[in-house]
Amino acid sequence: MSAKTYKNLIDGAWIESRSGQSYENLNPADTRDVVGIFQRSDQRDIADAVAAAARAFDRWRLVPAPRRAEIIYRAGELLLERKEEYARQMTQEMGKVLNEARGDVQESVDTAYYMAGEGRRQFGVTVPSELPNKFAMAVRMPIGVCGMISPWNFPMAIPSWKLFPALVCGNTCVIKPAEDTPLSTINLVKALMDAGLPKGVVNVVTGFGPEAGAPLVEQTNVRAVSFTGSSEVGRIVGEVAARSFKPCSLEMGGKNAIIILDDANLDLALEGVLWGAFGTTGQRCTAASRVIVQRGVYRQFADKLIYRAQKLKVGNGIDETVDMGPQVNQAQVETAQKYVDIGKNEGAKLELGGHRLKGPAYDNGWFFEPTVFTDVDPQMRIAQEEIFGPVTALIPCNDFDHAIEIANGVAYGLSSSVYTRDVNKAFKAMRDIYAGITYINAPTIGAEVHLPFGGTKATGNGHREGGLGAIDFYSQWKSIYVDFSDRLQRAQIDMGE
Ligand code: ADP
C-alpha cells in the first residue's frame, strides 16, 4: 500500500509546498514502513503561512477569550476521543512505546483543559492611582503572529504547550514541527480545526530546520518565537530573533541527575532510575542521564540497576509488552554509540549494554541497548554532555554536599531529583539545586502541565512553558490609565489638591 501524502495547512487549506517537493517519514522501529509523505517546505511556504496568520490575527484577537477557550476545550475533547488512534500513529512515527504515546496525547488534552480555563482568567491588575479621579490597570494583550519550532520527542505535547496558551491569549500561529514527527502535529491541529478554529489562526508548515525553521524566525511579521530543541540550534534561533527584538522562548538540553542518598528507599529509587533513564529511550530533555549515588549504597544500587536494566524488553513500541522502543533515527543511534566510545576511552566502566541491537527484530530499526556506565567521574564528557539515548552514568559521591555540587556542576539546569527519607536534606536540595525542576522521591521526568516547565543555564533563556509561565510568554502587558477628573493631572508633579 502506498503511503498517504500529508500537506501543509495554510489559511485553512491543506496545500502542497511551493516547490512541490516532499519527503518520507519512516518508522524508526522498521524503516521499511513509510508513515507518510510530507511537504518539504521552504521560505515561500513560510511567508504564505505568516501572511495568513497575520490576516487572521485581526479577527482572532477580537474573539472574546472565553470563546477562544471553548474551541481549545473542544479540541481537548476530540483529542481524548482520538487518543488511541493518535497514540498509535505517534509510536509509528517516533518509536516511543504505546503507553507513553498515550501519555503524550493525554498531555495535550490536559493542556487544552488547563488553557481553556485561562480563557476566563488571564488576570491583570488594578491598582490605586496616585492621582485623584484616575483609574489604573494593567491588562494582557496578544503579541501577534507567533512562530513555533518543535522537536520530535514529545510530538504532540510540546506543540500543545505552545499552541494552546498562544491561542487563548489571542495570538495566531505558524508551527514548523520536527521533520521526524510532522504527523502528530498535524493530528493536533486537525483536532483544533474540527473544534471550530477559524482558518489562518493556526498554520502548519512541515520540512527541515534550515529550510523551513530558519525563515520562520526571520519573518518580520512573526512577533514572538518559541523553540524547543538542541542548545546548538537554540543559540542560532535566539540570536536571529534578538536582531529584530522578538521575544523568544528557548527550551533546550539537560543533563539531569537523580541523587540517591544512603538513607533512600533503594527499591523506589531503582524504579525511578529505570523510568527516568530509559523511558522514551532516554530521549527526553529531562532524562536521568546521571545517577549520583552515595558510597554507602553505591555498589548495591549499581547491581540492582544492572540486573533490572538488562531485563528491559526492547522492541517495536506498538507491542504492549515492550519496555523500550527504538531511537528516533540513525543520527541518534550514532550519537549514543559515539558517547559509549567516549565513555570507555575516558575510563568509565561499561557494565551494561553499549551496542546497537542486532537480529531480525532489530535490523530494520534504530535500536540501542539500555546502557549503564559505573565509576563515572563528574568531569567526564558522558557526565557533562547531553546524549539523548538510553545511556546513564553512575557517579559515586561522598555525602549530601558533594552530591549537590556534582548535580550543579554541569552546563544545564533542567530537572533534578533526590531520593532521601531525611526531610532536612530534601528541603536543602529543593533550595540548593540550581535547576528549573526538582523532584523529591520521584524521577526527573513527569512534568504536569499546570506548573512552569523549563530550566536554568544552557537549558533555557529564562522563559517557562506550562503553567502561568506560558501565559506570561504569549501576552504582553498594557498599562491603562483612565483620567476622569476633567483636568490635566501630571504624575509625579501634581502632588494632590
Ligand atoms: P533535536 O536534537 O531534538 O533534533 P534540533 O535542535 O536539531 O533538535 O531540532 C529541533 C527543531 O529545530 C526541529 O523542528 C528542527 O527542524 C528545527 N531546526 C533545526 N535547525 C534549525 C535552524 N537552523 N533554524 C530553525 N530551526 C531549526
Discussion item. For the range 256-440, take every pair of Cα atoms, bin their distances at 10 Å starting from 0, and report each bin as a whole percent.
Written reply: 10, 40, 35, 13, 2, 0
Item to complete: Could you order E386, E93 by accessible surface area, starting with the largest, using a probe radius of 1.4 Å?
Response: E386, E93
Worksheet item: At what distance in angstrom do the alpha carbon centres of the range 119-178 and the range 386-459 lie from each other?
Response: 29 Å
Response to the item:
Taking the alpha-carbon centre of each part, the distance from the range 39-98 to the range 187-246 in Å is 12 Å
Discussion item. With angles folded into 0 to 90 degrees, how steeply does helix 330-346 sit against the dominant principal axis of the chain? Use alpha carbons for both and round to 10.
Written reply: 50 degrees
Practice prompt. Working from the alpha-carbon coordinates of the range 344-497, get Rg over Rh, Rh being the Kirkwood radius.
Written response: 1.23
Worksheet item: In whole angstrom, how far apart do the alpha carbon centroids of the range 274-289 and the range 330-384 sit?
Response: 14 Å
Item to complete: Give the accessible area for K311 in Å² (nearest 10); use a 1.4 Å probe, count only protein heavy atoms, and leave out ligands, DNA and RNA.
Response: 120 Å²
Discussion item. Relative to 2.2 N^0.38 Å, what does the C-alpha radius of gyration of the range 1-59 come to as a ratio? Two decimals please.
Written reply: 1.37
Item to complete: Please calculate the 1.4 Å probe accessible area of K4, with all protein chains present, and give it to the nearest 10 Å².
Response: 120 Å²
Discussion item. Helix-only mean residue ellipticity at 222 nm, the chain, DSSP H runs n ≥ 4 weighted -39,500 (n - 2.57), per residue, nearest 500. What is it?
Written reply: -11500 deg cm²/dmol
Discussion item. If you roll a 1.4 angstrom probe over the protein chains with everything in place, what fraction of the accessible area of the range 4-159 belongs to carbon and sulfur, to the nearest %?
Written reply: 50 percent
Worksheet item: When the accessible area of the range 256-440 is split by element with a 1.4 Å probe, what percent falls to carbon and sulfur?
Response: 49 percent
Worksheet item: Quick one: how many Å² of M324 are accessible to a 1.4 Å probe, rounded to 10?
Response: 0 Å²
Discussion item. Compute the helix-to-body angle for 231-243: its Cα long axis versus the longest principal axis of the chain, expressed 0 to 90° and rounded to tens.
Written reply: 20 degrees
Worksheet item: Looking at the square roots a ≥ b ≥ c of the eigenvalues of the Cα gyration tensor of the chain, which shape do they give, rounded for a/c under 1.5, prolate if a/b is larger than b/c, or oblate?
Response: oblate
Item to complete: Using only Cα atoms, tell me the angle between helix 423-432 and the longest principal axis of the chain; keep it within 0 to 90° and round to the nearest 10.
Response: 60 degrees
Worksheet item: For the range 1-115, rounded, prolate or oblate, judged on the Cα gyration tensor with a ≥ b ≥ c (square roots of eigenvalues), a/c < 1.5 rounded, else prolate if a/b > b/c?
Response: oblate
Worksheet item: What residue among V201, L305, N27 has its Cα farthest toward the positive end of the dipole of the chain, where the charges are +1 on Lys, Arg and -1 on Asp, Glu, each on the Cβ?
Response: V201
Worksheet entry | FRET efficiency estimate (nearest 0.05) - Cβ-Cβ, F123 to D494, R0 35 angstrom | 0.70
Worksheet item: Hey, what's the chain come to in accessible area per residue, 1.4 Å probe, Å²?
Response: 41 Å²
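The values are calculated or read from the model by the stated rules, or taken from the named source; none is laboratory data. Computed from a predicted structure; not experimentally measured. Virtual Cβ from ideal backbone geometry, glycine too; neighbours counted across all protein chains shown. SASA here: full protein model, heavy atoms, side chains in, ligands and nucleic acids out. Shrake-Rupley method; radii C 1.70, N 1.55, O 1.52, S 1.80 Å.
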